[in-house]
Amino acid sequence: MGDTTIVRGETVEQGLGALVEVLPGKALPPPLMADPTPPVSTPRKRGNGLALVLHLGALAVTIAWLVSCASYVGNNIGWENVTALQPQELGGLASMA
C-alpha cells in the first residue's frame, strides 16, 4: 500500500526520496546479494517409529469417524434428503458432526 504519512514540510512529490540524504560525490554502496549456491541439506535420522504409529492411529480414527458420520446420515436422514436441505440446515448438520 505504501507510506501514507506526510510529515510537516514534506510534499507528496518529495516522497521518500526526500528522506534519504545522498552526499554529492559519494556513490551508493552496492546492494546486498544472496549467495548463489543453495545450502546442502543433511538427511534426517529415522526415529523409533513412534511418530509413524501415531500418524497411522490418527488416520484410522479419522477414517472411522467419517464412516460413522456417513452411516448416520444414510440411516437417519437419507442421502437423497441431504441435497434438499437449505444452507443453514447443512451448516447445522456439519456442526453436529
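The values are calculated or read from the model by the stated rules, or taken from the named source; none is laboratory data. A quick note: this is a predicted structure, and the numbers were derived from the prediction, not measured. So basically every Cβ, Gly included, is an ideal-geometry build from the backbone, and we count neighbours across all protein chains shown. Accessible surface is based on the protein model in full, side chains and every heavy atom, while ligands, DNA and RNA are left aside. Shrake-Rupley method; radii C 1.70, N 1.55, O 1.52, S 1.80 Å.
Do we have any residue at all in region 37-58 that's out of contact with any Ser or Thr (no Cβ under 6 Å at 6 or more places or on another chain) and in contact (Cβ under 8 Å) with a residue 24 or more places away in the chain? If you could, list the steps in order and put the result at the bottom.
The first filter runs over region 37-58 and keeps only residues out of contact with any Ser or Thr (no Cβ under 6 Å at 6 or more places or on another chain), leaving 37-58.
Retained after the next criterion (residues that are in contact (Cβ under 8 Å) with a residue 24 or more places away in the chain): none.
No: region 37-58 contains no residue that is out of contact with any Ser or Thr (no Cβ under 6 Å at 6 or more places or on another chain) and in contact (Cβ under 8 Å) with a residue 24 or more places away in the chain.
Identify, by number, the condition in (1) in a helix (DSSP H, G or I); (2) loosely packed, with under 10 Cβ neighbours inside 10 Å that residue 89 doesn't meet.
Of the numbered conditions (1) in a helix (DSSP H, G or I); (2) loosely packed, with under 10 Cβ neighbours inside 10 Å, the odd one out for residue 89 is (2).
Considering only residues of region 63-86 that are among the β-branched types (Val, Ile, Thr) and open to solvent by 70 Å² or more (accessible area, probe 1.4 Å), which is modelled with the lowest pLDDT?
Initially, region 63-86 is screened for residues among the β-branched types (Val, Ile, Thr), giving 63, 67, 73, 77, 82-83.
Next cut, open to solvent by 70 Å² or more (accessible area, probe 1.4 Å) only: 63, 67, 83.
Details: 63: 97, 67: 95, 83: 86.
Checking each candidate, the answer is 83.
Is it the case that residue 51 is among the hydrophobic types (A, V, I, L, M, F, W, C), modelled with pLDDT under 95 and part of a helix (DSSP H, G or I)? If you could, list the steps in order and put the result at the bottom.
Working: among the hydrophobic types (A, V, I, L, M, F, W, C): yes; modelled with pLDDT under 95: yes; part of a helix (DSSP H, G or I): yes.
For residue 51, the condition - among the hydrophobic types (A, V, I, L, M, F, W, C), modelled with pLDDT under 95 and part of a helix (DSSP H, G or I) - is met.
Look at residue 32 and say whether it is within 27 Å of the chain's Cα centre (by Cα) and modelled with pLDDT of 70 or more. Working first, answer last.
Working: within 27 Å of the chain's Cα centre (by Cα): no; modelled with pLDDT of 70 or more: yes.
Against the criterion (within 27 Å of the chain's Cα centre (by Cα) and modelled with pLDDT of 70 or more), residue 32 does not qualify.
Based on this model, can you work out whether residue 57 counts as open to solvent by less than 90 Å² (accessible area, probe 1.4 Å), at pLDDT 65 or above, out of contact with any Leu (no Cβ under 6 Å at 6 or more places or on another chain) and not aromatic (Phe, Trp, Tyr)?
Numbers: open to solvent by less than 90 Å² (accessible area, probe 1.4 Å): yes; at pLDDT 65 or above: yes; out of contact with any Leu (no Cβ under 6 Å at 6 or more places or on another chain): yes; not aromatic (Phe, Trp, Tyr): yes.
Yes: the conditions hold for residue 57.
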